[in-house]
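Worksheet: the structure to be examined is printed underneath.
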Amino acid sequence: MTYSIKNIDHLGLVSGMCKEIGIAKIIDKAHPKQSKDKKITYGQLVEAMILNGLGFVGRTLHMYPEYFADKPVERLLGEGIKAEHINDDALGRCLDQLYETGVSGLYQTLSARVVELLDLPCEGLNLDSTSIHVDGRYTNDDDTQAIKLVRGYSRDHRPELNQAVLNLITENQAGIPVYMQASSGNINDNEGFKNIVKHHLSSMKAAQNCTYFIGDAALYTAETIQSLDEQGQLFITRAPQKLKLVKAAIAEQENYTFTALENGYSGTWLESDYGQVEQKWLLVRSEQARKQEQYTLDKRMLKESTASLKSFKKLMRERYICESDAKGSLKKWLKIQRHIDISDIEIVAHAIYKQSGRPKQNQQPDHYEYQINGQLHSSLTQREERLQEKGMFMLATNDCSETLTMEKMLALYKSQQSVEKGFRFLKSPDFLTSSLYLKKPERIESLLMIMTCCLMVYAALEHKIRRELKAQSVHFPDLKYKPTQNPTARWVFFCFQGLHVLTISQQQAIIVNLQERNKVIIDCLGPIYQKIYT
């Protein structure tokens, strides 16, 4: 008798969701000209990369055979597939072909299937972007349509590295990304969002039938909201604090009557036609944010005041040859101070004698030197003015109907956290790679699609697990072993660690170490998953 052991862990759940969505079938349908002699299809290679990404072990392409060497590959990907088939040549060709087909359109087909599978209402879609840095040197060919890997504003705090920008649109129930677009590393959010709204929103709206398009302040430009309104798309977005109209509204807040909302929020409606679009503005006050921002403001003012005091002492030690030079230097110093006022300012004249020793009576000085003197104090007026803005923000919408209440508008805007949660997942050091190592920009664009597919599968699994636990009235133990119906997918994955496929004499296969809590999840998810774990 012979024995072999393969590690399946939580990858059976990932494989099951890939099969339920039909990722391999959709990818292969989009690439009908694949050779019949291929040992593994493009769709199966995409699923293999998703399994690697959600295995939380970042591997470069040439190490994929090593990663899958101890995995039950046939059980996860399909009959006849072996670890050596998933090599860097096959994966590279797959990434090239995905780019040629068009990663954004291909991904949108996948996401539409997920939304249909999970029966998500897509009441709101959230738009945001992040940057992902890349290592190595790249030559950006002007003749290609691929993204440019260049330096730009880095959210990773790595300004010395080239980067790519990933734009995501997610639905606001399960956090499923429904659209992805890779952009050059130096693109501005305002410009990127404007292009997405102008060229891609109509097709996405037809596919997802969303009610509200939601974004942060980068979405709120006159041209973008005009485009949204012309397409008949309702939007909810944050109006930038730097707008004069927003500043004026916040300055006049004492003249408005605020309505109390839940969780320490309060709001009041205002009318606006910014960008020649009829809108309702909701001025929101958050007591919790105000307290936090007041603490941050005081901390910053103390730091700046300490630095100002140090530099002013240095300034007072300086000597000037004329009074106008001293006044000019003081004026220049005051220009860069934000929270400091000076009282008892005087320019002190010091008599200078060339002859050493005590001056004689009635002896005239050879010349005078001038020195600045005064007392520093923090400007409480400026503090109060800045404190007035804290905890305040403005939301804007072109839905002027009475059906959109303050509470609903605020809740829809706060669902923006779903896309930010997705970015945190993608940039986790445990996920796929914290940075990208491929040599071609075209392959990096394709790999960004694979990364988004990983997020899609992860979010879909988490949503289905929670939904089925509630629907079947069963519970899963949380980190403290208390029953819950809202476990995170990461915790469920952790609980599946240590599961192996034991094969005896190449015939009988047994799942080893399967516990009761694992059976709860497998039974909830259904036949596809039960088949993988039996």
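The values are calculated or read from the model by the stated rules, or taken from the named source; none is laboratory data. Keep in mind the model is a prediction, meaning the values are calculated, not measured. In this analysis, Cβ positions are derived from the backbone assuming ideal geometry, glycine residues included, and neighbour counts consider all displayed protein chains. What goes into the accessible areas is simple: the full protein's heavy atoms, side chains included, and nothing from ligands, DNA or RNA. Shrake-Rupley method; radii C 1.70, N 1.55, O 1.52, S 1.80 Å.
Determine whether region 389-399 contains at least one residue that is β-branched (Val, Ile, Thr), in contact with a Lys or Arg (Cβ under 8 Å, 6 or more places away or on another chain) and either part of a strand (DSSP E or B) or closer than 30 Å to Ala260 by Cβ (or both).
Yes, because at least one residue in region 389-399 is β-branched (Val, Ile, Thr), in contact with a Lys or Arg (Cβ under 8 Å, 6 or more places away or on another chain) and either part of a strand (DSSP E or B) or closer than 30 Å to Ala260 by Cβ (or both).
Only one of (1) of a type outside the set (D, E, K, R); (2) farther than 27 Å from Cys210 by Cβ; (3) surrounded by 13 or more Cβ atoms within 10 Å (Cβ to Cβ); (4) at pLDDT 90 or above is not met by Asn255, so which one is it?
Tallying (1) of a type outside the set (D, E, K, R); (2) farther than 27 Å from Cys210 by Cβ; (3) surrounded by 13 or more Cβ atoms within 10 Å (Cβ to Cβ); (4) at pLDDT 90 or above, Asn255 fails exactly one: (3).
From Leu395, Leu380, Leu297, Leu315, grab the single residue that is of a type outside the set (Lys, Arg), open to solvent by less than 40 Å² (accessible area, probe 1.4 Å) and modelled with pLDDT under 85. Outline the logic, then answer.
Details: Leu395 fails: modelled with pLDDT under 85; Leu380 fails: open to solvent by less than 40 Å² (accessible area, probe 1.4 Å); Leu315 fails: modelled with pLDDT under 85.
Matching residue, one of Leu395, Leu380, Leu297, Leu315: Leu297.
Could you tell me which residue of region 489-534 is most open to solvent (accessible area, probe 1.4 Å), considering only residues that are of a type in the set (A, V, I, L, M) and in a helix (DSSP H, G or I)?
Among those that are of a type in the set (A, V, I, L, M) and in a helix (DSSP H, G or I), it is Ile528.
Given (1) open to solvent by 30 Å² or more (accessible area, probe 1.4 Å); (2) out of contact with any strand residue (DSSP E or B) (no Cβ under 7 Å at 6 or more places or on another chain); (3) touching a residue at least 24 places away in the same chain (Cβ under 8 Å), where does Leu98 come up short, assuming only one miss?
That leaves (1) as the condition not met.
Looking at region 139-155, can you tell me whether even one residue there is touching a Phe, Trp or Tyr at 6+ places or on another chain (Cβ under 9 Å), at pLDDT below 90 and of a type in the set (S, T, N, Q)? Outline the logic, then answer.
Residues of region 139-155 touching a Phe, Trp or Tyr at 6+ places or on another chain (Cβ under 9 Å): 146, 148-150, 155.
This time we only want the ones that are at pLDDT below 90, so: 146, 148-150, 155.
With the extra rule that they be of a type in the set (S, T, N, Q), the set shrinks to none.
No - not one qualifying residue is present in region 139-155.
Which numbered condition trips up Ser329, out of (1) open to solvent by 80 Å² or more (accessible area, probe 1.4 Å); (2) closer than 30 Å to Arg386 by Cβ; (3) of a type in the set (Ser, Thr, Tyr)?
(1)
With hydroxyl-bearing (Ser, Thr, Tyr) and at pLDDT 90 or above as the only criterion, which of Ser329, Ser343 stands out?
On the way: Ser343 fails: at pLDDT 90 or above.
From the options Ser329, Ser343, the qualifying one is Ser329.
Taking the condition of being polar (S, T, N, Q) and over 27 Å from the mean Cα position of the chain (by Cα), how many residues in region 280-329 meet it?
The qualifying residues number 6.
Quick one: in region 332-368, of everything that is among the polar types (S, T, N, Q) and in a loop (DSSP other than H, G, I, E, B), which residue is least open to solvent (accessible area, probe 1.4 Å)?
Gln337
Taking Ser104, is it under 18 Å from Leu168 (Cα atoms), open to solvent by 10 Å² or more (accessible area, probe 1.4 Å) and either part of a helix (DSSP H, G or I) or out of contact with any strand residue (DSSP E or B) (no Cβ under 6 Å at 6 or more places or on another chain) (or both)? Steps first, answer last, please.
Details: under 18 Å from Leu168 (Cα atoms): yes; open to solvent by 10 Å² or more (accessible area, probe 1.4 Å): yes; either part of a helix (DSSP H, G or I) or out of contact with any strand residue (DSSP E or B) (no Cβ under 6 Å at 6 or more places or on another chain) (or both): yes.
In short, yes.
Which one is most open to solvent (accessible area, probe 1.4 Å), of the residues in region 1-58 that are more than 24 Å from Leu455 (Cα to Cα) and among the β-branched types (Val, Ile, Thr)? Quick ask: steps written out before the conclusion?
Let us first name the residues in region 1-58 that are more than 24 Å from Leu455 (Cα to Cα), namely 1-6, 32-39.
Applying the additional criterion that residues be among the β-branched types (Val, Ile, Thr) yields 2, 5.
On the way: Thr2: 81, Ile5: 109 Å².
Result: Ile5.
So, in region 354-383, exactly how many residues are out of contact with any Cys (no Cβ under 9 Å at 6 or more places or on another chain) and farther than 30 Å from Thr306 by Cβ?
Selection size over region 354-383: 14.
Please pick out the residue among Gln371, Gln382, Gln388 that is under 30 Å from Ala239 (Cα atoms) and touching a helix residue (DSSP H, G or I) at 6+ places or on another chain (Cβ under 8 Å).
Gln388
For a quick check of your reading: which helices (runs of 4 or more DSSP H) sit entirely within region 175-292 and have at least 1 residues that are touching a Lys or Arg at 6+ places or on another chain (Cβ under 8 Å)?
Values: elements: 189-199, 201-208, 222-230, 244-251.
Result: 222-230.
Name the pairs whose Cβ atoms lie under 8 Å apart, with the first residue in region 34-53 and modelled with pLDDT of 95 or more, the second of a type in the set (Ser, Thr, Tyr) and surrounded by 24 or more Cβ atoms within 10 Å (Cβ to Cβ), and 6 or more positions between them or separate chains?
Pairs that qualify, where the first residue is modelled with pLDDT of 95 or more and the partner is of a type in the set (Ser, Thr, Tyr) and surrounded by 24 or more Cβ atoms within 10 Å (Cβ to Cβ), are Glu47/Ser15.
Could you tell me whether Asp216 is crowded, with 17+ Cβ neighbours inside 10 Å, modelled with pLDDT of 85 or more and among the charged types (D, E, K, R)?
Yes; evaluated as a whole, the condition is true for this residue.
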